[in-house]
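The values are calculated or read from the model by the stated rules, or taken from the named source; none is laboratory data. Remember, it's a predicted structure, so these values are computed and weren't measured experimentally. Virtual Cβ from ideal backbone geometry, glycine too; neighbours counted across all protein chains shown.
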Amino acid sequence: MAALSGSAEADVGADWSAVARAMNGRTRELSMKQRELSEKSGVSLAIVREVQQARIRRRRNPRTLEALSSALEWHPRHLSAVLNGEEPPRVERSALPVEDPMIQLMTIVIREIRGLRAQIGVLSNRLDGRFADPRQDNEAE
């Protein structure tokens, strides 16, 4: 029972609506979609949606908010500070990691290859149905 009250106390004063407002404003500012935020942060799309909509108000792993903050080009503790009603730390623009444009291109290429692989699988299945082994047909007769 003590563990339950301890976790409840830790969430007193947590302002998930403020976190949602901050994230929504920043994603608009960066023209970033939820899926892109999910991919960039490594946080599942479902969790990104929950946090952005302030639907499920529960304690989260601090790394989740750090990953989202960093993906939004903020200080890693930005969203944790917003959650707790504190002033978010500032980060110098020059301190942000510069994303290698080759990584973005490779991500696009990988996505395209996966799509092509899926299409090849569908075509292969169709061809397998049309060109069944003729020996099987002869055995049936």
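Report the residue count in the stretch 54-66 for those that are closer than 19 Å to Lys40 by Cβ and either surrounded by fewer than 20 Cβ atoms within 10 Å (Cβ to Cβ) or at pLDDT below 90 (or both).
Residues flagged as closer than 19 Å to Lys40 by Cβ and either surrounded by fewer than 20 Cβ atoms within 10 Å (Cβ to Cβ) or at pLDDT below 90 (or both) within the stretch 54-66 amount to 6.
Take the residues of the stretch 35-52 that are surrounded by 14 or more Cβ atoms within 10 Å (Cβ to Cβ) and of a type in the set (S, T, N, Q): which is nearest to Ser70 (Cα to Cα)?
Ser41
Under 7 Å between Cβ atoms, at least 6 apart or on separate chains: pull out the pairs that start in the stretch 35-62 with a residue that is farther than 22 Å from Asp15 by Cβ and end on any residue that is modelled with pLDDT of 90 or more and β-branched (Val, Ile, Thr).
Ser38/Val48
Out of the stretch 20-38, which residues are under 16 Å from Arg57 (Cα atoms) and either of a type in the set (Phe, Trp, Tyr) or under 16 Å from the mean Cα position of the chain (by Cα) (or both)?
Across the stretch 20-38, the qualifying residues are Ala20, Met23.
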